[in-house]
Amino acid sequence: GCAGLDQVALLCSRAFENCDPALCTEAVSMFAYAISKATPGAVRSTNAASASAMFASVLRHPQDDCRKAAMSEAQKQIDVNCLLRAVTQGIGGREPCRRWQASSSLLQAVQMLLGRSEVVDRIRAGDGLRLIIEAWKQGGHVPEVAQECCSLVLHLAPQHARAVSAAGAGDCAINSWQRCGAINSWQRGSLVQGFAEVAALCMPHYAERPQVLPRLACDSLRALMGGASPTPVISSLLKALLRMSTDAQQASELSALGLPELALGVIEDERLGSEASLRRLAAETFVRPIAISLALPGGGRRDSQDHPAGSGNVSVFKEKRLPSAKVAWEAEVAAARAPQPTKSQAACASALKKRLETWRARAIAFAIARPTGAKPFELTLEDESVPPLLFDADFESGSLGQVTRMGAREYEVQLLPDNGPGGAAYVQWFCFRLRQMRSGQSYTFHLANLVKPGSLFDDGCQPVLFSRKRLEKWGIAWSREGVDVAYYPCGMGAGATARRVHCVSFEINFPFEQDECFLAHAVPYTLSDLTSDLARWPSAPRQSLAMTAADHEVSALRLGKHDAPQRVCIVARAHPGETHASWVMRGVLEFLLGEEEEAKECLSKLSWLVVPMLNPDGVAAGRTRTNLDCVDLNRHHHDDSAAETKGFKAALEEEARHGERLAFVDIHSHSRRRGIFAIANGSEGDPLVELLAARTPLLDAPGTSRTEIRPQDVGVGRVAAASLGYKYSLTLESSLCARHTSAGGEHLTLQDLAFTGRAVCLAILDLVNKPLAAAVGSPKEVSANATPPTVSAEGDAPADEHDDVEELEAF
C-alpha cells in the first residue's frame, strides 16, 4: 500500500545518499516487490511518485559500483511490464506535474533496463508494446513523456515495424509532433528527430498516409535549419521526407511545400553542408520529388541530341593507345610534385548546389517538351560554330557509351555497364580519349548513369586527365583535374527493376589546343602494362593458372624458397575497374624482385605465390567488376563458375599441401571511402594489420572493417583463403582517390600505392620475425627514401551507413 511505498522511497533515498552498493541492491529489490503488489489506489498516491523518482535516481547513481549493483538487481527483479502498467494507471495521482514526472521516471527506468536482450524479449512477449502506446496516448502532450515513449518504440521497432505501426505508434508520433514540435527549448531537436524516425518507420504500413505529415516535416525542417540543431536531427527529417516522396501526388505536394529549396538550404548551410553524408541525403531529397512528379526516368536528360562520337565497346582485342604505366610512373617521379589536394567541403557544397539547380532546369524543360515530341534544347548557330569534341574508347581498358552534345562545350556521357546477366548493376569505370578541343575554354561533362548512392567525387576528389602535349612540354602525365565536381542522383533508370541513377558532373579546362587527352576514373594500369612489367624479370619463375575466354593467360609468380615452411599469397585485380590495386601490386613486384636486403630476406624465409592480375579479360575490355562471362570473381573463389578462379583455387589448394599457410592478401580498390584500409574476417587479421600500420602511415588501421563471416561470403577471396587454412587473411582496399584524413587527405599518388605494396611484404616478413620484433620493441624501420610524409596515428571512421561487406569490396 501507500505506507509500503513511502518506506521504499526512504530506503532508496538513504541508499542514494550513503553510496552503499548493498543498500542500493536492497532498495531496488524492495521497490520491485512493492510496485508489483501495489493496489491501483496506491499506484496513484504521492508516495508512489516519490518512490519512482528515487528508484530512477538509484539506477542512475553517479558512483559506478552503486549503479552497477542497482542495475544488476533491477534486471533480475523488475518486471518492466509492471512499470509500464503503473504509468498507464496514472502513477502519482491526478496532479499533472506530479503524475507526469513520476511517469517520466518510470519510463526512463524501463529505457535503462533495455540493455539486456531478455528484458526486451519480456516486453515483446508480454503486453509491453500496447502499454507503451497507451502511455504515449495519455501523456503525448508532455515532452518528457513523449520523448521516452518514442525512444522505447524505436528500441523495439527494427524487427517489428508492422506491429509498432498497427499498435498506433505512427499516430502518437504525429500527435506529439504537432503538440511538442514547436516548443522553444533545447528539447525540440531531439523530440522532432524521434517523432520523424517513428513516422518514417510506420509510413510503409499506413493504410492512408496522414495528410498533415508532409507539411509538419517541412515546417520542422525549415524551423530547425536556422538554429544549431545537430545533424542527426536534420538527417532524420530528410529521411522521413524521402519516405514520403514515393508517388506523384505526394511528390507534387512536397515540391509545392518548398522541399527542393529546403534541401538546397541544407547543402549551402556552412555547418550542415560540410558533411558529405548529409549533402548526399539532401541531394536525394531535392531530386526525388522533382523526378517523380515530372515522371522523369534517368533524370530527364536522355533522348536529346545524339552525338555519334561515342559507342559501346566490348571487344577485348583493342589497340594499346593509353600512355603506359612506365611513362606515368617515370613522369610522376621526375616531376617530384607534392600530392594534389582534394577540394574543400565548402567547394563541394557549392558545386553540388550549382549542379542540382542546372539539373532541375533541364528536367523541367524536358517535361515541357515531351508531350509535343519537341527537343528540350537546341544548339544555336553560335554553339554549332564550336567544333565538337571527338570521343572514342576503342583501345585497351577504354570504356565509353553514348555521348550527347548538350551545348557548345557541354556533353552528357552514358557509361558502359558490364555486358551480361546482372551487369547493369556495375557501372563505374570510365576511360576515354578526347580530341579537337580548344584551350582556355571550359568544357562541361555529365557522366550520367552511375548506380552507386555515393562516391568520393562528392567528397572533394577529382577524375584524372592525361594530356599528350603537356607531357611533352612540362613532363606531367596524369593529374587530378575538374572544376565544380559534384556527384548527385538524377532520376530512375528504366525498367521494372530500375535502380536510382546518379551523375558526376565537372568542368575541364584543357591545357593545349588540338591535343590528345584521356579522362579516367583513376590512373589506368592495363594488361599490356603488366606484360611489359613482367618482361623486366624474365628469370622470375612463372606459372599459368588458367586461360580465359579471350585466350589470355592468368599468370602467377612463384617467388622465394620453394620448400619454405610458411606460404604467402598476394593477388590483385579480381575487379578490373580497380586500377589502384595494380599500382599496389606493382610495388609488391618491384620490391620482391629488387635488390634490397629486406627483399632478399623475404624470399629466403617464405614461399610467395603472387597473382598480379586475376581478371585480365575484364581489364582489357574496360569492365568495372566482372569477366567476359559477367562473373564477379570475388564472389566465386569457392566454386568453378569461372576459369580464372578455378585455376587460382587449384593453386591455393596445392599451396595447402606444402606448408603452413601464413598470409593471404587480396588487393582491391574502393570508390566511396578515403584511405588504404583492411577488411578482415573478424579479428583474426589484427596482427598483420598492426604490423602493416607500423610499416606505413598510409594505412587507416583504426578504420579496419572486422566483418563476421556470413553464408553469402563463402566466395570472397579472404574467406575462401581462410577456409583453406591461411592464418592471416585480408582484403586490402586502396581508395581510388584520396588518402584518409589523418594522412593528410590529399589525392593518393602512384608512389603512395607502390610504397604500400612494399610495406605489405615487409609486414608479412614481420609476422615471421615477430619474436625478434617484440624483443627490440618495434618492426624494422623503412628505408628513408621510401617514407611518405609523417602523419598522426589517428585514422578515419569506419565505412559510412551505405557500406556493408559487399559494398566495401564492391569498388
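Looking at Gly41, Gly90, Gly4, which one is open to solvent by less than 50 Å² (accessible area, probe 1.4 Å) and in a loop (DSSP other than H, G, I, E, B)?
Just a single option satisfies the conditions, and that option is Gly90.
For the range 672-703, give me each residue that is among the hydroxyl-bearing types (Ser, Thr, Tyr) and modelled with pLDDT of 95 or more.
Scanning the range 672-703 gives a single hit, Thr696.
Looking at Leu603, Leu589, Leu614, Leu609 in this structure, which one is open to solvent by 10 Å² or more (accessible area, probe 1.4 Å), of a type in the set (A, V, I, L, M), closer than 24 Å to Arg536 by Cβ and at pLDDT 95 or above?
Going through Leu603, Leu589, Leu614, Leu609 in turn, the sole match is Leu603.
Which residue out of Ala556, Ala549 is open to solvent by less than 60 Å² (accessible area, probe 1.4 Å), in contact with a Leu (Cβ under 6 Å, 6 or more places away or on another chain) and not aromatic (Phe, Trp, Tyr)?
Ala556
Restricting attention to the range 421-440, and to residues there that are more than 18 Å from Val464 (Cα to Cα) and not hydrophobic (A, V, I, L, M, F, W, C), which single residue is most open to solvent (accessible area, probe 1.4 Å)?
The selected residue is Pro421.
Select from the range 672-704 the residues that are open to solvent by 20 Å² or more (accessible area, probe 1.4 Å) and among the aliphatic types (A, V, I, L, M) and list them in ascending order.
Leu691, Ala693, Ala694, Ala701, listed by residue number.
If you take the residues in the range 67-87 that are crowded, with 23+ Cβ neighbours inside 10 Å and under 18 Å from Cys2 (Cα atoms), which one is farthest from the chain's Cα centre (by Cα)?
Residue satisfying both the conditions and the ranking: Ala86.
Just give me the residues in the range 710-748 being buried (at least 22 other Cβ atoms within 10 Å of the Cβ), within 22 Å of Arg672 (Cα to Cα) and among the polar types (S, T, N, Q), in sequence order.
Thr731, Ser734, Ser735
If I filter the range 452-468 for residues that are basic (Lys, Arg), in contact with a strand residue (DSSP E or B) (Cβ under 6 Å, 6 or more places away or on another chain) and in contact (Cβ under 8 Å) with a residue 40 or more places away in the chain, do I get at least one hit?
No.
On the given criteria, is Phe466 surrounded by 22 or more Cβ atoms within 10 Å (Cβ to Cβ) and outside any strand (DSSP E or B)?
It is false that Phe466 is surrounded by 22 or more Cβ atoms within 10 Å (Cβ to Cβ) and outside any strand (DSSP E or B).
For the range 529-546, name all the residues that are open to solvent by less than 60 Å² (accessible area, probe 1.4 Å) and among the polar types (S, T, N, Q).
The answer is Ser544, and nothing else.
Taking the stated definitions as given, is Val386 in contact with a Gly (Cβ under 7 Å, 6 or more places away or on another chain) and either aliphatic (A, V, I, L, M) or crowded, with 18+ Cβ neighbours inside 10 Å (or both)?
So Val386 fails the test.
Suppose we filter Arg360, Arg405 for residues that are modelled with pLDDT of 90 or more, within 29 Å of the chain's Cα centre (by Cα) and open to solvent by less than 70 Å² (accessible area, probe 1.4 Å); which single one remains?
Among Arg360, Arg405, only Arg360 is modelled with pLDDT of 90 or more, within 29 Å of the chain's Cα centre (by Cα) and open to solvent by less than 70 Å² (accessible area, probe 1.4 Å).
Which of the residues belonging to the range 44-66 are closer than 22 Å to Ile123 by Cβ and of a type in the set (D, E, K, R)?
Hit for the range 44-66 is Arg60, nothing else.
Quick check: anything in the range 215-231 at pLDDT 90 or above and under 21 Å from Ile364 (Cβ atoms)?
yes
Hey, which of the helices (runs of 4 or more DSSP H) in the range 324-386, taking only ones fully inside, have at least 3 residues that are free of Cβ contacts under 8 Å to residues at least 12 places away in the same chain?
By residue number, 345-369.
Suppose we filter Glu118, Glu197 for residues that are crowded, with 18+ Cβ neighbours inside 10 Å and either under 26 Å from Lys76 (Cα atoms) or at pLDDT 90 or above (or both); which single one remains?
Exactly one of Glu118, Glu197 is crowded, with 18+ Cβ neighbours inside 10 Å and either under 26 Å from Lys76 (Cα atoms) or at pLDDT 90 or above (or both), namely Glu197.
Which pairs do you get when a residue that is within 17 Å of Lys239 (Cβ to Cβ) and of a type in the set (Asp, Glu), found in the range 256-285, comes within reach of a residue that is part of a helix (DSSP H, G or I) and open to solvent by 40 Å² or more (accessible area, probe 1.4 Å), reach meaning Cβ atoms under 9 angstrom, with the pair 6+ apart or on two chains?
Filtered contacts from the range 256-285: Glu275/Gln345.
Within the range 336-346, does at least one residue satisfy the condition of being open to solvent by less than 30 Å² (accessible area, probe 1.4 Å) and of a type in the set (A, V, I, L, M)?
The answer is no; no qualifying residue exists.
So which pairs qualify, if the first residue must be in the range 499-519 and at pLDDT below 95, the second must be open to solvent by less than 10 Å² (accessible area, probe 1.4 Å) and part of a loop (DSSP other than H, G, I, E, B), the Cβ gap must be under 7 Å, and the two must be at least 6 apart or on different chains?
Note: pairs meeting the criteria are Val501/Gly298; Val501/Gly299.
I'm trying to understand the selection: among the residues of the range 649-671, which are out of contact with any strand residue (DSSP E or B) (no Cβ under 6 Å at 6 or more places or on another chain) and either part of a helix (DSSP H, G or I) or closer than 21 Å to His552 by Cα (or both)?
Passing the criteria: Lys649, Ala650, Leu652, Glu653, Glu654.
I need the full set of residues from the range 221-242 which are more than 20 Å from Cys180 (Cβ to Cβ) and over 20 Å from the mean Cα position of the chain (by Cα), in order please.
none
Within the range 716-748, can you find the residues that are within 30 Å of Ala520 (Cα to Cα), in a strand (DSSP E or B) and in contact with a Phe, Trp or Tyr (Cβ under 9 Å, 6 or more places away or on another chain)?
If the condition is that a residue be within 30 Å of Ala520 (Cα to Cα), in a strand (DSSP E or B) and in contact with a Phe, Trp or Tyr (Cβ under 9 Å, 6 or more places away or on another chain), then Leu730, Leu732, Glu733, Ser734, Ser735 are the ones that fit.
Could you tell me whether Ser52 is within 18 Å of Glu26 (Cβ to Cβ), open to solvent by less than 50 Å² (accessible area, probe 1.4 Å) and of a type outside the set (A, V, I, L, M, F, W, C)?
So Ser52 fits the description; yes.
Would you be able to say whether some residue in the range 22-31 is touching a Ser or Thr at 6+ places or on another chain (Cβ under 8 Å), open to solvent by 30 Å² or more (accessible area, probe 1.4 Å) and either closer than 22 Å to Gly126 by Cβ or not charged (D, E, K, R) (or both)?
Yes.
Inside the range 749-768, can you point out the residues that are open to solvent by less than 20 Å² (accessible area, probe 1.4 Å) and more than 19 Å from Phe664 (Cα to Cα)?
Leu750, Asp752
Select from the range 620-648 the residues that are out of contact with any Gly (no Cβ under 9 Å at 6 or more places or on another chain), part of a loop (DSSP other than H, G, I, E, B) and buried (at least 22 other Cβ atoms within 10 Å of the Cβ) and list them in ascending order.
Correct list: Ala642 only.
So for the range 260-267 (the condition being open to solvent by 10 Å² or more (accessible area, probe 1.4 Å), acidic (Asp, Glu) and either modelled with pLDDT of 95 or more or in contact with a His (Cβ under 8 Å, 6 or more places away or on another chain) (or both)), does at least one residue qualify?
Taking every residue of the range 260-267 in turn, at least one turns out to be open to solvent by 10 Å² or more (accessible area, probe 1.4 Å), acidic (Asp, Glu) and either modelled with pLDDT of 95 or more or in contact with a His (Cβ under 8 Å, 6 or more places away or on another chain) (or both).
Before we move on, is Thr707 open to solvent by 10 Å² or more (accessible area, probe 1.4 Å) and of a type outside the set (Phe, Trp, Tyr)?
Judged against the criteria, Thr707 is a match.
The values are calculated or read from the model by the stated rules, or taken from the named source; none is laboratory data. Being a predicted model, the structure only gives us computed values, none of them experimental. Every residue, glycine as well, gets a Cβ built from its backbone with ideal geometry; the counts of neighbours run over all protein chains shown. Just the protein is used for accessible areas: all its heavy atoms, side chains included, with ligands, DNA and RNA removed. Shrake-Rupley method; radii C 1.70, N 1.55, O 1.52, S 1.80 Å.
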